[in-house]
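Inspection log for the structure reproduced underneath, given as structure tokens.
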Amino acid sequence: MKRSWMIFFRRGAWLSVLAVMVLLSACSTSQQYVKLAEAGSAYTGAIAAMADKASAIQVESSSYTLLEKRQDLLLNVKGPVLTDSLQSLLNQKNHADAEVIKSNRKTRDVAIHLQKYFAALQALAASTAPADIGTRTDGIIKKLNEAVLAAGGTLPSNVSRLPSVVTLAGKHVTESILKKEFIARKESIRAAVAVLGTNSANIEEKLKSKSKDMNTSRFDGLIESSFTDKKNSLLGAVSDKSVWITLRQKHVYGSAEEKENSTIIDAANKNAETFKEIFLKMTSERDPDVADDEFNRLIDEFKALIVFIQSF
């Protein structure tokens with residue numbers, strides 16, 4: 001009898017240990033999906049920052065062009081026609097800039113809504129999510145789908161009718177639940193990432209070209225001319241000199257960093273492609289096989305890209 005109890009106890013102890021091992025294994029493997037969400041959050045944050053910076057550079061670049069064309073009009077056009085010409089020029093540039101900003105904001109909206117979704121899954125995995133997390137993710141996905149369509153993307157017809165999986169999770173978040181949630185939203189996420197890939201590529205090219213044009217215009221119109229023209233009184237006051245020095249700093253730094261800027265943006269493209277490959281792998285039927293170092297590298301480089309963009 002005593003021996004049977006010992007056997008039962010040993011079996012019970014073994015089952016307890018096995019249960020703990022299973023739970024630990026589930027927690028450990030679910031961390032890969034947490035890392036996927038963290039990498040996605042960093043990626044979308046970088047795209048949003050890039051869209052904002054592109055809008056700011058668009059306006060600054062066109063402003064230098066306006067000043068340059070204004071100078072030509074002042075020299076070659078006289079009378080009432082001059083005022084009309086200047087007004088027409090300003091209106092055209094304002095309209096063109098507004099269209100670019102509108103397009104950039106559509107890309108930013110996609111990035112922000114996708115980032116919110118990734119953040120919600122991170123909170124779920126960390127057991128800090130609110131009780132209505134399922135309803136919230138449904139709402140985020142709905143807005144994400146709308147943003148994708150507004151930005152020129154396409155979605156499968158049934159994508160909006162898929163229910164959230166995270167409502168079933170409660171406080172026990174496992175790899176299986178996170179994976180099912182990602183798979184359930186896979187088409188929405190893929191559509192969003194496709195839009196971000198296409199639109200961000202256009203934004204990156206504009207950042208390169210506009211930055212170079214802006215630097216040239218800044219030098220020709222505001223730095224060199226105001227310094228070399230003896231009749232120009234723009235550098236008479238201390239405040240004028242301070243502005244001139246600031247502009248010259250931006251020009252010199254901009255010229256020195258053009259190659260570095262291009263390298264960083266090209267690296268961002270490669271990292272975006274890597275993220276897409278990892279996402280497809282993590283939402284396939286096969287078991288995910290992605291090293292933590294790869295996730296960490298992507299997260300660090302996307303965060304570094306955000307810092308770079310903000311200082312651009």
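What to note about this one:
- Close pairs from segment 239-251: first under 16 Å from Thr228 (Cβ atoms) and in contact (Cβ under 8 Å) with a residue 24 or more places away in the chain, partner open to solvent by less than 90 Å² (accessible area, probe 1.4 Å) and part of a helix (DSSP H, G or I), Cβ under 7 Å, at least 6 apart: Leu247/Arg218; Leu247/Leu222; Leu247/Ile223; Arg248/Ile223; His251/Asn215; His251/Arg218; His251/Phe219; His251/Ile223
- Members of segment 276-312 found to be under 16 Å from Glu204 (Cβ atoms) and either touching a Leu at 6+ places or on another chain (Cβ under 6 Å) or among the polar types (S, T, N, Q) (or both), listed by number: Gln310
- Yes/no for Gln32 being surrounded by 13 or more Cβ atoms within 10 Å (Cβ to Cβ) and in contact with a Pro (Cβ under 8 Å, 6 or more places away or on another chain): yes
- Selection count where residues are in a helix (DSSP H, G or I) and either under 28 Å from Lys250 (Cβ atoms) or at pLDDT 85 or above (or both), scope segment 283-312: 18
- For beta carbons closer than 9 Å, sequence separation of 6+ or different chains, a first residue in segment 71-85 that is in contact (Cβ under 8 Å) with a residue 40 or more places away in the chain and a second that is open to solvent by less than 100 Å² (accessible area, probe 1.4 Å), the qualifying pairs are Gln71/Gly221; Gln71/Ser225.
- Hey, Lys102 assigned to a helix (DSSP H, G or I), among the basic types (Lys, Arg), surrounded by 16 or more Cβ atoms within 10 Å (Cβ to Cβ) and modelled with pLDDT of 90 or more or not: no
The values are calculated or read from the model by the stated rules, or taken from the named source; none is laboratory data. Bear in mind that the values here come from a model prediction, so they are computed numbers and not experimental data. Backbone-built Cβ (ideal geometry, glycine too); neighbour counts: all protein chains shown. For accessibility, only protein heavy atoms count, side chains too; no ligands or nucleic acids. Shrake-Rupley method; radii C 1.70, N 1.55, O 1.52, S 1.80 Å.
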